[in-house]
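The values are calculated or read from the model by the stated rules, or taken from the named source; none is laboratory data. It should be emphasised that the depicted structure is a prediction, and the values quoted were computed from it without experimental measurement. Virtual Cβ from ideal backbone geometry, glycine too; neighbours counted across all protein chains shown. Accessible surface areas use protein heavy atoms only, side chains included; no ligands, DNA or RNA. Shrake-Rupley method; radii C 1.70, N 1.55, O 1.52, S 1.80 Å.
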Amino acid sequence: MISSAHLKFWRIVILSCALAIAGLTACSDRAETPAPQAVTAEATETAGDNSGKVAAAAVRELADEIWASQLQVSTYLRLQEGLPIEQFEDLTLEQYHADQARSAEFRNRLLQVDASQLSGDELITYEILEVQLADNRANDDDYWLTFDITAYIAPYYFQFASQALAGQQISDAAAAEHYLKLSNELADMIDQLVAKVEGQVQRGIYLPKAALPSTRATWSGLQSALPAGMRVSDERLAALPDPERDSFKQTLEELIETRVNGGLSRLLAALGEEYEAQAPEAVGLSQYPGGLAVYKRRVSQETTLELSPEQIHERGKQAVADISARMAAIREELGFEGSAQDFLQALQSDPQFFAESAEEVEATFQKYIQRIEPHLGDYFKTQPAAAYGVRRLPLASEAGMTYGYYNPPTVDDPVGYYNYNASGLPTRNLVWAGSLIYHELLPGHHFHMATQNENKSLQEYRKKYSVSAFTEGWAEYAASLGIEMGVYETPYELYGRYIGEIFLASRLVVDTGMNALGWSLEEGRAYMREYVIQSESEIASETLRYSTSIPAQALAYRLGYEKMWELRHRAEQALGERFDVRDFHEVVLSDGAKPLSVLEAKVDRYIAAAQH
């Protein structure tokens, strides 16, 4: 959604399998039956020739092994699971090759499973793995045409590493040595990114000029922040004898000065005047050799659909036209005679859509929550047990975040919260606050993520599995349910919902335009200016993100939403009076996130079963 796109993207990327670039394979039409109980290896050995149990056990074993592999390499996941941090990420081409080889090994094992014998959760797990491990012909172009150094990617590598270092207990000489090992690996990550920039330059690959100012600012900021975060206070070193403490501090300081500061200086130097002179004015992946093929693979990965950039571009234009017509009808209803842009300007100057305090922002969200709560039982058979709420972001986080983000319940914090931004209130328009909270909290992210985590039949792989097209597609679909529920009570509130919709639809046009169809950065920005309420600085940031940093990621939101509605309409038409929206939502949500192709196969099985 409009909120926290950058942060949510990185949660999703890291939670996705780091071992493969997901492709897309068609799911076969198999009958679904109730999920079997978990089968142990011992049970399969004593059960005789029971191919169903053998296949189910093989799928579960493979999923467990993939989850263990993810835990081994992801600092983020280990922090989330409360596990000790043994190593940091390896960002080299060699590791990329090793990940591809490991994925191929997993893929070959999956091919040995007799999928016709699967049902229930194991069938869904198999289909997810089939998509995730598919051979989509990724090659070294996919590595070299990923710009890890941008403001939207680089900080997260070091955020998690810094968080891990801050949590290290230094209780003895072995722990001190481990801290130094991890600090060296953090410096290794910087060196690896420098080497990648140098490798890109050797291949004639340069970050577009427009992205250089924010990228340099990011690395200058890291140079200011990382050393301070790595240094250890005397209190944390109190358990060490004085000589060991002094030796540790001296060794760490030398490491920081030579390897960390030195590496950051080398990276900034690599992005200097000579680099800028070679950097292209154009943006988008298709300007690079092999770039269009890379973009198409990313489209497949992010959307989990088989759509070409041209098809998505046209769908985006059609969606923008449809939403624009609905918005025009509301302006006519209100008696407004100016243009769409005139109306947006009027909204920006209308005091009824602005809060004067954080408490007023929170009260606005609570108003919409209380309004939708009485309708939820009519749309959902089951609701997550975890409580939910809203709370303000930490003040230190607000300046670097445009909106806010949803935090799912955890053992330490069992409430699902939407963390909202209450800074800059004179420019923070709340006309679309209802759509925002229904996307972020209920029945959006909270209903999805808490339900997924509370499903005790799912393996850890499935509990933690995430894919943007489902996660954001569901949240947008959930926010749109408010229209038929009647909880957007005024024309302005409904207009606010459409403001969110047209922003996401415009991204289909702009992302594909800049990455596949030769649009310039200014063409992308001009298109967005025509339709969205975001400020000039927000449009500038968004278009840079689509075209220079994480191409295709922005496509998942609207396309996921459209697929959810397509499947619902299919079920309504097929089942007629037998259709129950609560059953449909149970089918979609009960077992968590899935690629859209897998969701479609499951819904088709649900329709077939309900027709008999």
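When residue 337 is tested against the conditions (1) of a type outside the set (Ser, Thr, Tyr); (2) touching a Phe, Trp or Tyr at 6+ places or on another chain (Cβ under 8 Å); (3) open to solvent by 60 Å² or more (accessible area, probe 1.4 Å), the lone failure is (2).
Considering segment 83-104, the residues that are open to solvent by 50 Å² or more (accessible area, probe 1.4 Å) and among the polar types (S, T, N, Q) include one that is nearest to residue 167 (Cα to Cα), namely 87.
Considering segment 231-261, the residues that are of a type outside the set (A, V, I, L, M) and under 32 Å from the mean Cα position of the chain (by Cα) include one that is surrounded by the fewest Cβ atoms within 10 Å (Cβ to Cβ), namely 231.
The residues of segment 286-303 that are among the hydroxyl-bearing types (Ser, Thr, Tyr) and either closer than 14 Å to residue 137 by Cβ or not in a helix (DSSP H, G or I) (or both), listed by number, are 288, 295, 300. Checking each residue in segment 50-98 for being within 25 Å of residue 124 (Cβ to Cβ) and part of a loop (DSSP other than H, G, I, E, B) picks out 50, 74. Residue-level analysis places residue 220 outside the set of residues that are surrounded by fewer than 17 Cβ atoms within 10 Å (Cβ to Cβ) and over 27 Å from the mean Cα position of the chain (by Cα). The conditions of being under 27 Å from residue 85 (Cβ atoms), of a type in the set (Lys, Arg) and open to solvent by less than 30 Å² (accessible area, probe 1.4 Å) are met by residue 196. Among the conditions (1) open to solvent by 60 Å² or more (accessible area, probe 1.4 Å); (2) modelled with pLDDT of 85 or more, residue 31 misses just one, which is (2). Checking residue 540 against (1) more than 25 Å from residue 424 (Cα to Cα); (2) open to solvent by 10 Å² or more (accessible area, probe 1.4 Å), which test does it fail? Against the list (1) more than 25 Å from residue 424 (Cα to Cα); (2) open to solvent by 10 Å² or more (accessible area, probe 1.4 Å), residue 540 comes up short only on (1).
Annotation for segment 592-608: no member residue is farther than 21 Å from residue 118 by Cα, among the polar types (S, T, N, Q) and either assigned to a loop (DSSP other than H, G, I, E, B) or touching a residue at least 60 places away in the same chain (Cβ under 8 Å) (or both).
Residues are listed down the side, and each one gets a yes or a no for (1) among the hydroxyl-bearing types (Ser, Thr, Tyr); (2) out of contact with any helix residue (DSSP H, G or I) (no Cβ under 6 Å at 6 or more places or on another chain); (3) within 30 Å of residue 544 (Cα to Cα); (4) open to solvent by 10 Å² or more (accessible area, probe 1.4 Å):
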position: 136; (1), (2), (3), (4): no, no, yes, yes
position: 145; (1), (2), (3), (4): no, no, yes, no
position: 150; (1), (2), (3), (4): yes, no, yes, no
position: 179; (1), (2), (3), (4): yes, yes, no, no
position: 184; (1), (2), (3), (4): no, yes, no, yes
position: 187; (1), (2), (3), (4): no, no, yes, no
